[in-house]
Amino acid sequence: MMFNFNNFGQIQIDREIHQHDIVLNDKTVERRQKKKSKPLRAQFGHTPLGPQENIPWDCRELVIGTGYYGRLPITEEVIHEAEQRGITLKIMKTVEACKYLSESTTDANAVLHVTC
């Protein structure tokens with residue numbers, strides 16, 4: 001799969017453009033269900049990646065794209081859950097995550113934030 005994040009607010013995966021955060025689960029693209037983390041917004045100043053979301057845990061490596069400026073907060077619960085499951089987290093700005101996923105030979109899953 002080819003990932004391209006050149007424009008704030010949208011990501012291109014192969015030939016399809018998405019204007020919302022996405023979850024890559026076993027090479028299937030889904031919309032991120034961030035509404036489940038909205039109650040945590042006041043605590044973080046931004047809706048974080050929280051444990052109640054549709055995080056694709058069935059993997060050995062999970063790539064988290066933290067947005068154009070790298071501002072997506074990630075809760076400690078998500079980090080702890082990954083550790084408990086033996087999953088390697090790769091946390092980076094979304095542009096770097098897209099480059100990594102495009103070049104990677106692993107079957108990593110991902111959560112990619114498309115704005116800040």
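Summary table below
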item	result
Unit charges on C-beta of K, R, D, E only; dipole of the chain, Debye	460 debye
Square roots of 5 times each gyration tensor eigenvalue, C-alpha, segment 1-48, largest first, Å	24, 13, 7
Set 36/99; 34/90; 35/99 screened for pairs whose C-alpha atoms are more than 25 Å apart	36/99; 35/99
In nm, spacing of pseudo-spin labels at residue 7 and residue 52 (7 Å Cα→C-beta vector)	3.3 nm
Theoretical ellipticity at 222 nm over the chain - DSSP helices of four or more residues, -39500 (n - 2.57) apiece, nearest 500	-5500 deg cm²/dmol
Using θ = phi - 60° and Karplus 6.51 cos²θ - 1.76 cosθ + 1.60, couplings along segment 72-86 (whole Hz; Gly, Pro as x)	5, x, 10, 5, 4, 5, 5, 4, 5, 4, 4, 4, 4, 8, x
Accessible area per residue, Å², segment 1-63 with all protein chains present, probe 1.4 Å	64 Å²
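The values are calculated or read from the model by the stated rules, or taken from the named source; none is laboratory data. Values in this document were obtained by computation on a predicted structure and should not be read as measured data. Cβ coordinates were reconstructed from backbone atoms using ideal geometry, including for glycine residues, and neighbour counts include every protein chain displayed. Surface areas here come from the heavy atoms of the whole protein model, side chains and all, with no ligands, DNA or RNA. Shrake-Rupley method; radii C 1.70, N 1.55, O 1.52, S 1.80 Å.
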